[in-house]
Amino acid sequence: MGVPGAPEPRPADEGAESLKLIGTTVLVMAIVALAVTLAVQLIPENGRGDTSARAAGQTTGMQPLAAAAKLVTHAVSYELFGDSGVRNVTYVAQGAAIAQVLDASTPWSKSFQRTGFEGGSEFYSVSAQNAGGGTLRCRIVVDGTVVSEKSVAGDRAMVTCVR
């Protein structure tokens, strides 16, 4: 029901559909361009997998992912030494889980295996509160080597070892 001779009104969402189509086309073209660029960079020049640099034993700047992702297992031990026992022992356990022991006598220790990437820096932490007076000492040992050690004195003093 319009004015005779006037053009038919277009639905309001017809323009939005046109914009969606253009946006989708541009996105697909960008993905194709990225794929072609990556293929050109990754495919060897002679098509057999041994470019002249690789055949000569030289690296091309891209290391195989398997070599970069080599896993190693470490033996970890948390140790607490003190005169009066400990409270609220909190430590990073196997798989990076946080664990807690409310009360323990000293000496106290917790040993476990931790797997991580070769050359990576694993996070280790143990903290505790002195249950009474005297000295409280913590120590972290990884693969037989002391990597952190600290000591405090006093009633309810907190000690934390971190690596």
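The values are calculated or read from the model by the stated rules, or taken from the named source; none is laboratory data. Everything numeric here is computed off the predicted structure, so don't read it as measured data. Here the Cβ positions follow ideal geometry from the backbone for every residue, glycine too, while neighbour counts run over all protein chains shown. For accessibility, only protein heavy atoms count, side chains too; no ligands or nucleic acids. Shrake-Rupley method; radii C 1.70, N 1.55, O 1.52, S 1.80 Å.
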- request: Scan region 103-119 for residues that are more than 14 Å from N130 (Cβ to Cβ), out of contact with any Phe, Trp or Tyr (no Cβ under 6 Å at 6 or more places or on another chain) and assigned to a strand (DSSP E or B) and jot them down.
  value: S109, S111, F112, Q113, R114, T115, G116, F117
- request: Provide a single number: the residues in region 149-163 that are open to solvent by 20 Å² or more (accessible area, probe 1.4 Å), within 24 Å of the chain's Cα centre (by Cα) and modelled with pLDDT of 95 or more.
  value: 2
Residue pairs meeting the criteria (Cβ under 6 Å; at least 6 apart or on separate chains; first free of Cβ contacts under 8 Å to residues at least 24 places away in the same chain and at negative phi, in region 81-109; second among the hydroxyl-bearing types (S, T, Y) and crowded, with 18+ Cβ neighbours inside 10 Å): A99/Y91
